[in-house]
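I have placed the structure first, in the form of structure tokens, so that the comments after it can refer back to it.
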Amino acid sequence: MPIELTPEVSADVFWMSRALLQARTAAARAEVPVGAVIVRAGDVLGEGHNRTITDADPTAHAEVVAIRQAAASVGDWRLIDCTLYVTLEPCAMCAGAIVLARIPRVVYGARDPKAGMVDSLGNLLRDPRLNHRCEVAAGVLAEESSELLKGFFRERR
């Protein structure tokens, strides 16, 4: 089913394309190709890609890298009025960080049936028991995101 290009979807495609550039940077550095961008009112506050190998840090997922950069950029741990774009459905750790940062909107590309905690294995971002919930848009540039990941792992097998 083709994406209907409304002003919001057009912005989502634009920013997800930027997240895909981050994911390609990760792949070039032999990291799992996931990229993330945090935007507020058309300005990038933070962006990043997976750096777990580079930094020898299991928490250096693209989302966490971008959240840390955005928080430093605004001087606050609360990232209200922001949208996080990420090429892969966030895992439990990243979903938890998104909730703690109070990010109101998350847009992701490919689903992650093995670790995704937004739709695949659970629904942490919209859990009514938590003090913060996110609006979620799934599947933006999903095919491109998925193909990048598949190609990366195919090369390593």
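The values are calculated or read from the model by the stated rules, or taken from the named source; none is laboratory data. Quick caveat, the model's predicted, so the values are computed rather than measured. Using ideal geometry, Cβ is built from the backbone for each residue, glycine included, and neighbour counts are taken over all protein chains shown. When the accessible area is computed, the model is the full protein with side chains, heavy atoms only, and any ligands, DNA or RNA have been set aside. Shrake-Rupley method; radii C 1.70, N 1.55, O 1.52, S 1.80 Å.
On inspection, residue 131 does not qualify as open to solvent by less than 60 Å² (accessible area, probe 1.4 Å) and polar (S, T, N, Q).
When residue 157 is tested against (1) touching a strand residue (DSSP E or B) at 6+ places or on another chain (Cβ under 6 Å); (2) loosely packed, with under 12 Cβ neighbours inside 10 Å, just one condition goes unmet, and that condition is (1).
If you go through the stretch 55-80 and keep only what is surrounded by 12 or more Cβ atoms within 10 Å (Cβ to Cβ), hydrophobic (A, V, I, L, M, F, W, C) and free of Cβ contacts under 8 Å to residues at least 24 places away in the same chain, you end up with just 60. Scanning the stretch 105-114 for residues that are surrounded by 16 or more Cβ atoms within 10 Å (Cβ to Cβ) and in a loop (DSSP other than H, G, I, E, B) returns 111, 112.
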